[in-house]
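Trainee: My structure is below; once you've seen it, I'll send some questions.
The values are calculated or read from the model by the stated rules, or taken from the named source; none is laboratory data. Computed from a predicted model, the values in this text were never measured in an experiment. In this analysis, Cβ positions are derived from the backbone assuming ideal geometry, glycine residues included, and neighbour counts consider all displayed protein chains.
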Amino acid sequence: MSMTTPPGWYPDPGNPAVEHWWDGTAWTGQTRPTAHPGPRPARGKSGVLPLAVAGTVLVAAVAVAAVVLGPPGGSDDGEALAPPPSTTAPVTTPAATPTPSPSGTDSGAEDGPAVLVDQLNGITLPIPDGWEKPEHTIADVATLTTTADVPCPGDTGRFCKPGTVSSWTVSAPEGSSFKTIAEQDIVTAADRAYEADALGNRLHGGLRSHKVVASRPAVVAGRTGHLVRWQVTTGNGPGGYVQSLAFPSPSGTGAPVVVRFAFDAGPEGPPLALMDEITRGIRPIGSATGGGVGSSIGP
């Protein structure tokens, strides 16, 4: 049976609204609207359109696919096609709220080194590297200690802090000089540090003797005061150094404040120069300047 499609008007595969004239061997340039339908091209036994018709259909299909899908693998420059813009409003995550510093301390992350805040006496004390504000103290006063514990002398099986600094509010007879206040307080400071603590423990074997190594005026937090420093010997171990630093409170009351220092002697104790460094770093609360040995003398 012949597979030749007879001449006639046939639907345009790429535009159903138009018919093309098939002359029996090829499409011509003649077209007309489909309002005048004509016979459809005959199919062979295989059900396949003539080669010319089938080719036109295939070309049209490829063109449509190219428009819909775009270039293989994304855009012309090899990058993946960008997804359509989202119409959903972006979700905003609230910024984390910083956790406040514990009461009595200031981390100093923005304003400088960390300090211990003594609200009662209106001062701050610098916290040196390797020092901390302990969670628990026997006396309810602002206190700094060395971070490390060392075995107490005398093979007691207990551990001691080789460095301690604490600030106290003291009472004194009216008219007492700060030199007198410091000289009287250092006896208590030495007893608490190296004779017997507030619980009666004699962790250093008790005091044996002392020697005055410094007694001089000092300017602390912009106020004129006085310091007294002793070197002490103990029943066990290398002994140590104690200091009482007396000055008027910068809070405006003028009440006497005493900062007590106790540094163990020997290789495990803090360097003695740190006493002066901490003294220079004492400030009125809210002030970044104004204090320490060498500052101008204030009232």
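Trainee: Could you tell me how many of the residues in region 143-171 are among the aliphatic types (A, V, I, L, M) and at pLDDT 95 or above? Can you show your working first?
Mentor: To start, the set of residues in region 143-171 that are among the aliphatic types (A, V, I, L, M) comprises 144, 148, 150, 165, 170.
Pick out the ones that are also at pLDDT 95 or above and you get 144, 165.
Number satisfying all stated conditions: 2.
Yes/no matrix, rows are residues, columns are (1) of a type outside the set (S, T, N, Q); (2) touching a Ser or Thr at 6+ places or on another chain (Cβ under 7 Å):
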{"residue": "Ile181", "(1), (2)": "yes, no"}
{"residue": "Tyr194", "(1), (2)": "yes, yes"}
{"residue": "Ala198", "(1), (2)": "yes, no"}
{"residue": "Asn201", "(1), (2)": "no, no"}
{"residue": "Leu207", "(1), (2)": "yes, yes"}
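Trainee: Still on this structure, please answer the following. Pull up region 183-216, narrow it to residues that are more than 41 Å from the chain's Cα centre (by Cα) and among the hydrophobic types (A, V, I, L, M, F, W, C), then point me to the one that is modelled with the lowest pLDDT.
Mentor: Restricting to residues being more than 41 Å from the chain's Cα centre (by Cα) and among the hydrophobic types (A, V, I, L, M, F, W, C), the top hit is Ala196.
Trainee: Here is a follow-up. Being surrounded by 16 or more Cβ atoms within 10 Å (Cβ to Cβ), over 29 Å from Pro284 (Cα atoms) and not hydroxyl-bearing (Ser, Thr, Tyr): is that true of His226 here? Full working, then the answer.
Mentor: Working: surrounded by 16 or more Cβ atoms within 10 Å (Cβ to Cβ): yes; over 29 Å from Pro284 (Cα atoms): no; not hydroxyl-bearing (Ser, Thr, Tyr): yes.
The answer is no for His226.
Trainee: Which pairs do you get when a residue that is free of Cβ contacts under 8 Å to residues at least 40 places away in the same chain and under 16 Å from Thr233 (Cα atoms), found in region 182-208, comes within reach of a residue that is among the charged types (D, E, K, R) and part of a loop (DSSP other than H, G, I, E, B), reach meaning Cβ atoms under 6 angstrom, with the pair 6+ apart or on two chains?
Mentor: Ala196/Arg202
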